[in-house]
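Asker: Encoded as structure tokens, here's the structure I'll be asking about.
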Amino acid sequence: MEDAVRLIPLSALQHYLFCPRQCALIHLEQQWAENRYTAEGRILHERADRLGHERRRGVHTAMALPLASERLGLTGVADVVEFDEREQRAIVRPIEYKRGRPKAHRADEVQLCAQALCLEEMLNVEVGHGALFYGKTRRRKDVPFDDELRALTLGVIASTRALFDGNRTPPAVYEAKRCDRCSLIDACQPQVMGKQRSASRWLARQLQSLDE
Ligand code: SF4
């Protein structure tokens, strides 16, 4: 019997872009810790999940919609998917709730685009746009799924797939701006791990020089 393909949760793509080690700690080692940032994000998602379904002025809104892509080996849940039925062919639009405000990196857009790829495969439609709703600004940001974002998303899916298939947690690389916001900093200990690796490299160099 063929081995079943290990499905990648959509959230893992965002974790991978934030830090591949964080992605491995959460999804390969099942480590999780909550901090202020993750707690605020979870509360926002729980609010979205509670609402169910509604139809208003020709737009059907589904909350907490399960998603999957057999082709890409993805699984997850969309906060909200709008089916705008005012046109002849319904326009499908995923919407994701995020704490904070729009960021300089594209992790939120990649996660949303991966949702669009799942919806396209599940519903056999083209999904041209989605939106991110940020808690701090209380504004929707329109996200077009153009060729560049689709290529970036497929690249992140491939890298995350390689991480899952390799089943190995990458070493820690301490970056204050990133690590000081990371809920797994206590489990990861990036500064200690970094020093241990430098010490190992120093020792290896010393042993090599003795052989020469
Ligand atoms: S503490 Fe830093 S290196 Fe460790 S998992 Fe978090 S972001 Fe990655």
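Asker: Expressed as cubic angstrom per residue, what is the convex hull volume of the alpha carbon set of segment 8-170?
Answerer: Values: hull volume 18.7 nm³, N = 163.
Enclosed volume per residue, from the Cα hull, is 115 Å³.
Asker: Next question, about the same structure. If you count, for each residue, the other Cβ atoms within 10 Å and average over each peptide, how do 109-122, 178-191 line up from highest to lowest?
Answerer: Numbers: 109-122: 23.1, 178-191: 16.5.
My ranking of the peptides, most packed first, is 109-122, 178-191.
Asker: How would LYS177, LYS136 line up from fewest to most surrounding beta-carbon atoms within 10 angstrom?
Answerer: Numbers: LYS177 6, LYS136 11.
In order of increasing Cβ crowding within 10 Å: LYS177, LYS136.
Asker: Related question: Using a basic spin-label model with each label point 7 Å from the Cα along Cα→Cβ, how many nm lie between ARG150 and HIS60?
Answerer: Spacing of the two 7 Å Cα→Cβ label points: 2.5 nm.
Bear in mind these aren't lab numbers, they're just calculated from the coordinates by the rules spelled out. Source: prediction; values computed, not measured. Methodologically, a virtual Cβ is constructed for each residue, glycine included, from the backbone with ideal geometry; neighbour enumeration extends over all protein chains shown.
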